[in-house]
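Student: I have a structure here, written as structure tokens, and I will follow up with some questions on it.
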């Protein structure tokens, strides 16, 4: 039986949704009869119980339809107008293109046309005078079969001949260069183009190659970069604050595949992905290791399990929780409970305070300490009283058990200790959006090539996503970085090369 999440065709999905809606209506009627019967047997108020059950079901159905077919934005009302620019740009004039190579083309008159139309005498070129315009064009990519000939030398005295050294090779005796493998990796993991589509694209450009053949240099490149990838985890754990999150990833080795999970930890300038078959608390414990700083996460219970005492001992990290997830709960419940507007307004005030605070990670020494001290002072003076207002408001509310409003209140209050860590730890932001942005490439890639065909494929995917996204965070071109790191590792196996922080 095909699962709903495996549907790819829009019309089929619409038909399934219609069937589900009809089934929901039938189940509502059946539930109404059963609840009334049970309440009558118990001698309780059937109408009150029925109303409670129906309210919960309507909320669940509305939320399901919103998630399936509604907009994903959580914006409330119109945005405030942006402040005017100092020099407003009028119209849609041509943008400067300083990165493009410039090719000058001089167009002369045909020799037959070099005659004056008025007097009939010959025309001659007016030196230095042209009428100019610009156009942006495309030069098609081309693949080149490079034949490398290593010059041999012989000694006049009959000694052993000498041959010029060989260039670095991605695979000993292989046909594909480091530059080619880097290009394939960027297309697949940087721009989400599956190998099968690359095969068709390159065929149009004159290169006959199969998807499996493209995988071979890709996997070889990953082997050369393995040590650099492993070093990223140590880089992440040097930060006093990390973000953690996870998303599903399919292993397509049998039938429709099995659901694995991409686990991510990220510092402000480094990302490290791993793909595991489980989403358990034990896996979360493995992911966090012995990290002893602050870990910003959502409300997923596995992270809380990982920091509790167990067979392997608790992870020493301190958990901080995400206010964006709290806000999302109240945003979804607002349709059914108008009182949520007050919570959303108060959370909005928290974010307004944060907008005026200085960043700290890019600073060093006394400047960093001054920025952290300022953040702590402002939060204690402004944010602490505001969070207390939010908590007092939550305790004063009354909501039906099982309702979206009740769940939002319980979600926030159950995580309260972690939600207020930011008041005493100035390096902690309000939300976990940073790591969710770093997971975006994996989600897009998952949609385009559906997952990995083997366990080794999951390892290679995690490696390239980690290295490419870290290079982007640090401002280095991912292609230049991969080439630099690969050549260093080929020349000296085991060499660790990390992306450079630009600027």
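Any read-out appearing in this document is the output of simple, stated calculations on the displayed coordinates, not a laboratory observation. Owing to the predicted nature of the structure, the values given are computational and were not obtained by experimental measurement. Quick reminder, even Gly has a Cβ in these numbers, built from the backbone with ideal geometry, and neighbours come from all protein chains shown.
Student: How would you rank 188, 455, 407, going from fewest to most other Cβ atoms within 10 Å of each one's own Cβ?
Tutor: Details: 188 23, 455 13, 407 16.
Ranked by crowding around the Cβ, least crowded first: 455, 407, 188.
Student: In terms of the Cα gyration tensor, with a ≥ b ≥ c the square roots of its eigenvalues, is the stretch 357-503 rounded because a/c is under 1.5, prolate because a/b exceeds b/c, or oblate?
Tutor: It comes out oblate by the Cα gyration axes.
Student: Another question about this same structure. Could you calculate the contour length gain from residue 139 to residue 290, that is, 0.36 nm times the residue separation minus the distance between their Cα atoms, to one decimal place in nm?
Tutor: Details: separation 151, 0.36 × 151 = 54.36 nm, distance 5.16 nm.
49.2 nm is the gain from fully extending residue 139 to residue 290.
Student: With each label point set 7 Å from Cα along the Cα-Cβ vector, what nm distance links residue 211 and residue 355?
Tutor: About 4.6 nm separates the two model spin labels.
Student: Here's something else I'd like to know. Tell me, what is a quarter of the convex hull surface for the C-alpha atoms of the stretch 200-244, in nm² with one decimal? Let's see the in-between values first.
Tutor: Working: hull surface 20.5 nm².
In nm², the orientation-averaged hull projection of the stretch 200-244 is 5.1.
Student: Grab the beta carbon distance between residue 395 and residue 219, set R0 = 45 Å, and tell me the FRET efficiency rounded to 0.05.
Tutor: On the way: r = 56 Å, r/R0 = 1.25.
That gives a FRET efficiency of 0.20.
Student: What number in nm² do you get for the stretch 113-202 if you take the convex hull of its Cα atoms and divide its surface by four?
Tutor: Details: hull surface 61.7 nm².
Spelled out: convex hull of the Cα atoms, projected over all directions, averaged, 15.4 nm².
Student: What is the extension gain from residue 456 to residue 433, computed as 0.36 nm multiplied by their sequence separation minus the C-alpha to C-alpha distance, in nm to one decimal?
Tutor: Values: separation 23, 0.36 × 23 = 8.28 nm, distance 2.92 nm.
Taking residue 456 through residue 433 to full extension adds about 5.4 nm, to one decimal.
Student: What would the Debye formula give as log10 I(q)/I(0) at q = 0.09, 0.13, 0.22 Å⁻¹ for the alpha-carbon point model of the stretch 237-346, no solvent?
Tutor: Result of the Debye calculation: -0.32, -0.61, -1.10.
Student: Quick one: work out the % antiparallel among DSSP beta bridges in the stretch 221-363, nearest 5. Could you put the intermediate results ahead of the total?
Tutor: On the way: 16 of 23 bridges.
Antiparallel: roughly 70 percent of the beta bridges in the stretch 221-363.
Student: Over the Cα atoms of the stretch 356-406, compute the convex hull volume and normalise it per residue, giving Å³. Each step should come with its number before you reach the end.
Tutor: On the way: hull volume 5.5 nm³, N = 51.
Spread over its residues, the Cα hull of the stretch 356-406 gives 108 Å³ apiece.
Student: In which sequence would 444, 353, 490 go, from the one with the fewest C-beta neighbours within 10 Å to the one with the most? Numbers along the way, then the final one.
Tutor: Values: 444 12, 353 15, 490 18.
Going from sparsest to densest Cβ surroundings: 444, 353, 490.
Student: Given contacts defined as C-alpha pairs under 8 Å and at least six residues apart, what's the relative contact order of the stretch 279-438, whole-number percent?
Tutor: Working: 181 pairs, mean separation 44.3, N = 160.
Contact order relative to length: 28 percent.
Student: Moving on. Just to be sure I understand: if I project the alpha-carbon convex hull of the stretch 279-438 onto a plane and average over all orientations, what area do I get in nm²?
Tutor: Working: hull surface 42.9 nm².
Mean shadow area of the hull around the Cα atoms is 10.7 nm².
Student: I would also like to ask the following. Place a point 7 Å from the Cα of residue 448 along the Cα-to-Cβ direction; which residues of the stretch 479-503 have their backbone N under 19 Å from it?
Tutor: Of the residues in the stretch 479-503, 479-483 have backbone N under 19 Å from the label point off residue 448.
Student: Shifting gears a bit: Can you tell me the alpha carbon radius of gyration of the stretch 452-503 divided by the globular rule-of-thumb value 2.2 N^0.38 Å? Write out the running numbers ahead of the final one.
Tutor: Details: Rg = 12.1 Å, N = 52, 2.2 N^0.38 = 9.9 Å.
Relative to the rule-of-thumb radius for its length, the stretch 452-503 sits at 1.23.
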